[in-house]
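Here it is, the structure in full.
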Amino acid sequence: MFWVPIHKIFNGSECLKDDQNNALKLTLELKASLVNEKIRRIHQVLNDKEYVGERTYDTGWKEPDIHESPFYFTEGIAEWSGNSDFGPHVLVPDVHPALIEKAKYNNKLLTFTVPESSDLEEGTISGLDIRPFSSSLQFRFYKEQQVFGRPVPEYVHVRHELLDNGSQRNLNNMTAEEMIKKVRRGGYQAIHYKDYTGDGWIEAVCPEITDIQYYPAYSMVTAPDFFPNCDQRELMEWYEKEVNETIKLYVWENKDDLPYTLSDIRYPVNIKLTNEGTSVFRLNDDGNRNNIV
């Protein structure tokens with residue numbers, strides 16, 4: 001089931017009355033805050049002993065640089081639509097010439113030193129595991145031999161190398177075996193790429209209502225969906241009711257951690273999001289709470 005609002009409110013004087021039974025004229029405003037910090041998280045985590053323990057990695061960048069764009073940015077992700085046909089408060093992604101682009105910092109191509117891959121079998125130790133996956137560099141964080149959250153993008157593009165003379169090498173031109181060996185060794189300067197996805201929150205502001213607590217709603221601008229007519233609920237119903245048991249193990253990586261819809265299961269959202277130094281969401285949030293949205 002979905003949790004539904006106890007009382008919906010709108011702009012105008014038709015929703016609430018004050019203690020004197022007079023209609024309150026409400027002015028409701030929604031504020032959206034979105035952030036993209038994918039590149040920043042790579043450099044933060046590789047320099048954080050909580051994740052890497054006694055290992056040391058020099059990615060080439062630290063604070064305060066990694067708090068600047070394109071390591072971390074809030075502009076160019078999404079804006080409220082000005083199209084009156086959509087109605088009010090429709091958040092739409094900003095349009096860009098391409099879905100991804102080479103990242104630049106101080107008018108130069110932004111690169112990082114690719115870390116050497118982990119030597120041990122994946123999942124045998126706690127902490128950050130780094131290794132090639134197909135043609136990408138895979139990052140996974142383990143606790144007690146179980147994947148524990150995503151402190152960093154799981155897959156990072158490392159197939160375009162910036163050479164000392166300023167030229168670029170496309171590792172796709174190498175044989176698959178040579179490329180995997182190079183990615184595993186690390187130590188070269190890979191060009192960072194940026195996209196304009198982001199996550200954050202939408203909060204409601206209503207000056208006429210002051211005696212309740214306001215809670216934000218989680219919001220995401222994601223990568224394009226190449227199967228827009230196949231929604232998550234239909235996918236899970238197909239998996240549970242129609243897929244033969246003999247092939248279920250090959251559909252999802254972890255049969256016990258399936259991507260159910262939020263109406264079926266509740267998890268806290270991104271607890272690392274902060275607003276002026278204060279966490280926006282909490283670890284004990286389960287998505288079932290009162291919001292003004």
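The values are calculated or read from the model by the stated rules, or taken from the named source; none is laboratory data. Small disclaimer: the values here were computed from a predicted structure and weren't measured. Here the Cβ is made from the backbone with ideal geometry for all residues, glycine too, and neighbour counts use every protein chain on show. The area values use the complete protein model at the heavy-atom level, side chains included, leaving out ligands, DNA and RNA. Shrake-Rupley method; radii C 1.70, N 1.55, O 1.52, S 1.80 Å.
Which residue, chosen from 151, 250, 115, occupies the Cα position most advanced towards the positive end of the dipole of the chain, where the dipole is computed from +1 (Lys, Arg) and -1 (Asp, Glu) charges on Cβ about the Cα centre?
After comparing all options, I get 115.
Then there's this: Among 130, 168, 96, which residue has its Cα furthest toward the positive end of the charge dipole of the chain, with +1 on Lys/Arg Cβ and -1 on Asp/Glu Cβ?
168
Once the other residues with Cβ under 12 Å from the Cβ of residue 101 are scored (Lys, Arg +1; Asp, Glu -1), what is the net sum?
Around residue 101, the surrounding residues sum to +2.
In the range 44-105, what is the volume of the convex hull around the alpha carbon atoms, normalised per residue and reported in Å³?
139
Dipole magnitude of the chain about its Cα centre, charges +1 at Lys/Arg Cβ and -1 at Asp/Glu Cβ only, in debye to the nearest 20?
720
Is there a quick way to get the dipole size of the range 34-97? I mean about its Cα centre, with the Cβ of Lys and Arg at +1 and of Asp and Glu at -1; what is the value in debye to the nearest 20? Don't jump to the answer; show the numbers that get you there.
Details: 6 positive and 12 negative charges, 46 e Å.
Using Cβ point charges on Lys, Arg, Asp and Glu, the range 34-97 gives about 220 debye.
Can I ask one more? What order do 227, 133, 281 take when sorted by accessible area (1.4 Å probe), most exposed first?
227, 133, 281
Another one. Over the chain, what is the relative contact order in percent, taking alpha-carbon pairs closer than 8 angstrom and at least six residues apart?
18
Summarise the accessible area of the chain (1.4 Å probe, protein heavy atoms) by the percent that is carbon and sulfur.
Whole-percent figure for carbon plus sulfur exposure: 51.
Could you point to the residue in 202, 229, 186 farthest towards the positive end of the range 155-241's charge dipole, with +1 and -1 charges on the Cβ of Lys/Arg and Asp/Glu respectively?
Farthest along the dipole direction, towards plus: 186.
Next question, about the same structure. May I have the pair-distance distribution P(r) for the chain, computed from all Cα-Cα distances with 5 Å bins from 0 and rounded to whole percent?
Spelled out bin by bin, the chain gives 1, 4, 8, 12, 13, 15, 14, 11, 8, 5, 3, 2, 1, 1, 0, 0 percent.
OK, next. Rank by packing, highest mean first: peptides 143-155, 84-96, 32-44, with packing defined as the count of other Cβ atoms within 10 Å averaged across residues. Don't skip to the answer; put the middle values down first.
Details: 143-155: 13.3, 84-96: 11.0, 32-44: 20.8.
So the peptides 143-155, 84-96, 32-44, ranked by packing, come out 32-44, 143-155, 84-96.
In Å, what is the Rg of the alpha-carbon atoms in the range 1-138, and how long is Dmax?
Both quantities, over Cα of the range 1-138: 23.5, 72 Å.
Here's another thing I want to ask about it. Filter the DSSP H helices in the chain by two things, a Kyte-Doolittle mean of at least 0.5 and an axial alpha-carbon span of 24 angstrom or more, and list the hits by number.
none
With a sphere of radius 13 Å drawn around the Cβ of residue 134, what net charge do the other residues whose Cβ falls strictly inside it have (Lys, Arg +1; Asp, Glu -1)?
+1
With every protein chain kept in the model, how would you rank 162, 46 by accessible area, 1.4 Å probe, largest at the top?
Greatest to least solvent exposure: 162, 46.
Where only protein heavy atoms count, and the probe is 1.4 Å, what is the accessible area per residue for the chain in Å²? Before the final figure, lay out the partial values.
Numbers: 19390 Å² over 293 residues.
On a per-residue basis, 66 Å².
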